[in-house]
Each structure stands twice: as structure tokens, then as C-alpha cells.
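Have a look at the structure below before the remarks.
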């Protein structure tokens, strides 16, 4: 009897899936096949790092962007070797360069892997996962199905949610589509649905093209991301008292701490950053009703202070606001309809005395956050997983429910031993699960769990084959 070579299927080849693959290639000792299902030509890029604009900067300094949890200086060392010998720890590099870094890590891991470990990139989409005893049948959109002993769901963020409250026939362009800022007259008026980091990047793309027309950012609270300091601050570890485990008490605690820090000549940045190492533990300690209260009332404020823009980017955005080209409206898009001129008539319910604003725009660009609610997902795989009880939405409908180490939870509440999830799909359980510092730790952990699970599965099958009838 020939030994069976186990197969691991990684669904998604963005940063999360690629880092899982890198760890598998580094750590696998026995025979192993890894198949990454990713329609893009390049692995490691995903939406975040596929940009071709050098103006789209990481919103985290280089020293915190290592791909490996135990090698904090890895990205900085790579930059000094391949990009700029004078790279400083607190430098902010483009997401384009970071995508190249991840791509290079994968190539190096592949070249350095053992001869009995193979990896294959399937440029396709997974549409169905069917349990078959000790393995799964993976159905693809175009290619032939295959079997795998273990599956890693590295799906990344879902598509942007609709900025309009009602469907419209007017075209709304996705911020990350190739046509988002192309073929626009230089003096055209543009409406951006959203005012977060994605909207900031679109503004920079328009500026790089010499766009001179008005740009309107529209979001519910009209809040732009705050700015990073020019130099790093000292961060002290913080312990949150159990009495503070309500949304209101946490807000009070952060405000008081920030005021104290500023009174001592410091900055609120240190207070926000001090919460980062324990954010997920804090999130998991909150009662469900308090999580919902946070989502309803505080989420947007937290995100603009937590997800900041580099100082150089801030200066460019402020120059656009000062000149009057960029205008921020607090409100929501209520309707969009085509005009005879070819423009789009955009109606905005604004938080101002007039109540409504109407704009004739050449384009609406969707810069809102991702839609990760499984019940509203457009991904056939996510819909199938939920419909067949292979997984279930988390209690906040922000993704799929997972156990402590990333194992997917079935509809009956039990955890799979051979299906794992990583990244944004775990946001209901792990509030911080979209940034590299968390992704890299999850990738290392999930890779170890997968290797153990596959070894156990193979031993189980071999034992069943040897057992007497």
C-alpha cells in the first residue's frame, strides 16, 4: 500500500492565505501537497496590496509590518537589503512595495521547501466544500474538483457595502476597480461614499492624475482618519479594570487617560496604542449587548483614531481641503439618478440646517467598508457553508464563528478539526483581525494546527485500512 500524500486547500491567496502557505512550506516535514485557490496572478497581494500607486502608503510603520511574529525586524531588514539601506523603523512605505515583499517571501519559502512538499496555485474560485468522511471535496468555478484533508478559509474582506440606502440604476464604481479614477475629465465633480482610508487613497489617486474638479466625501459622521505623529511615542502597557467592561465605561477610561497623557505633555496616540496588544482579549470579555452598543455608537470613532494616516498623506489631504477642492459632508447618500448630461444627480441627506444637498457628479466611487455579514454575502462558498451548516455566522454577523485557534464552528456548535479560518472572517471573535500584526500570528498558529490535524487524519485513515474486516 502506497502512503497517501495529504492535501491542504487554502481558499484565498491574499496576505492571509499566502502567509499560511509560507509557514506550511517552512514547517512541513512529511509529504504534503498545498493548493492555493486564488484567481489573481500574483499571490500575497489581495485587494490591499494590489495597488500600483506609490502614493498608497501603509498606515503602519515599517517596524510593525514584519510577516513573522518572532522576527520583528524582518520587513525593515528586507527593505534595507532590497530597497533603501537607510530605511528607518518609523518609515511608511507603499502598499505596492509590501505586496512585493509578501510575493518574495512566498517564492523564497517555495524554493527552500523540502522536496516532498509541493505547492500549486490554482487561478480559480472555490464555490463549494463538501465533507466526505476524513476529507473534503473542493468544487471550483472553472476547474475540476479535488480532495483535501484540511481547508483554510483565507477569504479576506468582502466587497464594499452599498453606500446608498436604496438600489439605483446609476453606476457606482468600486474604489479598487481598475476604472475607479480613469477617464474622468480633469474638472469633473466626484462623490466618494465613505471618508476612511480607502477614500483617502482615492483622493491621492485623483491628485496624482492632476484632477482639479471638486471631490465630495460623504459619510455618516464625516470623520476622517486621524494622523500618525512624526516620531514614535512610548507606549505603556495598560490593564483595564473589570468594572470598565461596558462601552460607556471604556469610553470614559480612554478619554480620561488621553487627557492625563496630554496634560503631562504627551499625546493621545500613546493611549490608543497601549490598548492594541490586549484589544482582542478586551473584546472577548465584553458582554454581547455591550459589543452591540460599541458597534452602534463608538465603532466609527474608534476606527478613525486607531487606523491613522501617515503625516505625509495628511499634509496632502489638508492641502486639498484648504484649497476647497475636497469637501467633507456628514450625512448619507439617499439617491442617485442619471441626468441627460451624462452626469449623476446625487442626493445627500446631510447633517446641516438645510437637511439635503444635491450634487451633479461625473462619478460616484464606493469607498465604504466591507460587507462581511454571511447572510448578505455574494460569495457562493460562504453561502454554501452557512446553508449546509458547515459553519455559522458569529453572534454579531461580522463573519463566521470560530474557536480559539481558528477552527470553524458547525451549526450545532461543535468545532471542526480540519477546517480553519484566518483574517477578517473572524472579526466577530477577534476585533483586531485585519492588520498584519494579528494576521501573522494567526497564520503561524493556523499552519501548526493544520499540520497536526492532517497528520491525525492520515493516521486515522491508515488505521482504518489496516483494521480486519
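I'd like to check something: does region 425-436 contain any residue that is crowded, with 21+ Cβ neighbours inside 10 Å, over 20 Å from the mean Cα position of the chain (by Cα) and modelled with pLDDT of 95 or more?
No, region 425-436 contains no residue that is crowded, with 21+ Cβ neighbours inside 10 Å, over 20 Å from the mean Cα position of the chain (by Cα) and modelled with pLDDT of 95 or more.
Residues being in contact (Cβ under 8 Å) with a residue 24 or more places away in the chain and out of contact with any helix residue (DSSP H, G or I) (no Cβ under 6 Å at 6 or more places or on another chain): count how many of those fall in region 71-92. Working first, answer last.
Step one: list which residues in region 71-92 are in contact (Cβ under 8 Å) with a residue 24 or more places away in the chain, which gives 75, 78, 87-92.
From what is left, the residues that are out of contact with any helix residue (DSSP H, G or I) (no Cβ under 6 Å at 6 or more places or on another chain) are 88, 90, 92.
Residues that pass the stated criteria total 3.
Kindly establish whether residue 276 is surrounded by fewer than 12 Cβ atoms within 10 Å (Cβ to Cβ), under 27 Å from the mean Cα position of the chain (by Cα) and assigned to a helix (DSSP H, G or I). Don't jump to the end; show me each part of the working.
Values: surrounded by fewer than 12 Cβ atoms within 10 Å (Cβ to Cβ): no; under 27 Å from the mean Cα position of the chain (by Cα): yes; assigned to a helix (DSSP H, G or I): yes.
It is false that residue 276 is surrounded by fewer than 12 Cβ atoms within 10 Å (Cβ to Cβ), under 27 Å from the mean Cα position of the chain (by Cα) and assigned to a helix (DSSP H, G or I).
Mind counting the residues in region 395-410 that are touching a residue at least 24 places away in the same chain (Cβ under 8 Å) and closer than 25 Å to residue 132 by Cα?
Going through region 395-410, the residues touching a residue at least 24 places away in the same chain (Cβ under 8 Å) turn out to be 395-402, 405-408.
Now narrow it down to the ones that are closer than 25 Å to residue 132 by Cα: 399-402, 405-408.
Residues that pass the stated criteria total 8.
So which strands (runs of 3 or more DSSP E) are wholly in region 93-157 and hold at least 1 residues that are closer than 30 Å to residue 66 by Cβ?
Working: elements: 117-122, 126-132, 135-140, 146-148, 150-153.
By residue number, 117-122, 126-132, 146-148, 150-153.
Pairs, please: C-beta under 8 Å, at least 6 apart or cross-chain, first residue in the same structural domain as residue 192 (by TED's automatic domain parsing) and at positive phi and in region 212-232, second surrounded by 16 or more Cβ atoms within 10 Å (Cβ to Cβ) and in a loop (DSSP other than H, G, I, E, B)?
222/195
Quick one: would you say residue 188 is crowded, with 17+ Cβ neighbours inside 10 Å, at negative phi and out of contact with any helix residue (DSSP H, G or I) (no Cβ under 9 Å at 6 or more places or on another chain)?
When the stated conditions are applied, residue 188 passes them.
For region 313-329, which positions are assigned to a loop (DSSP other than H, G, I, E, B) and either closer than 26 Å to residue 60 by Cα or in contact with a strand residue (DSSP E or B) (Cβ under 7 Å, 6 or more places away or on another chain) (or both)? Break it down stepwise before answering.
The initial filter retains those residues of region 313-329 that are assigned to a loop (DSSP other than H, G, I, E, B), namely 323-325.
If the condition is that a residue be assigned to a loop (DSSP other than H, G, I, E, B) and either closer than 26 Å to residue 60 by Cα or in contact with a strand residue (DSSP E or B) (Cβ under 7 Å, 6 or more places away or on another chain) (or both), then 325 is the only one that fits.
Please state which one of 260, 266 is at pLDDT 90 or above and not in a helix (DSSP H, G or I). Before the answer, list the steps.
Values: 260 fails: not in a helix (DSSP H, G or I).
Exactly one residue qualifies, and that residue is 266.
The values are calculated or read from the model by the stated rules, or taken from the named source; none is laboratory data. Keep in mind that what you see is a predicted model, and the values were worked out from it rather than measured. Positions of Cβ are backbone-derived with ideal geometry, glycine not excepted, and every protein chain shown enters the neighbour counts.
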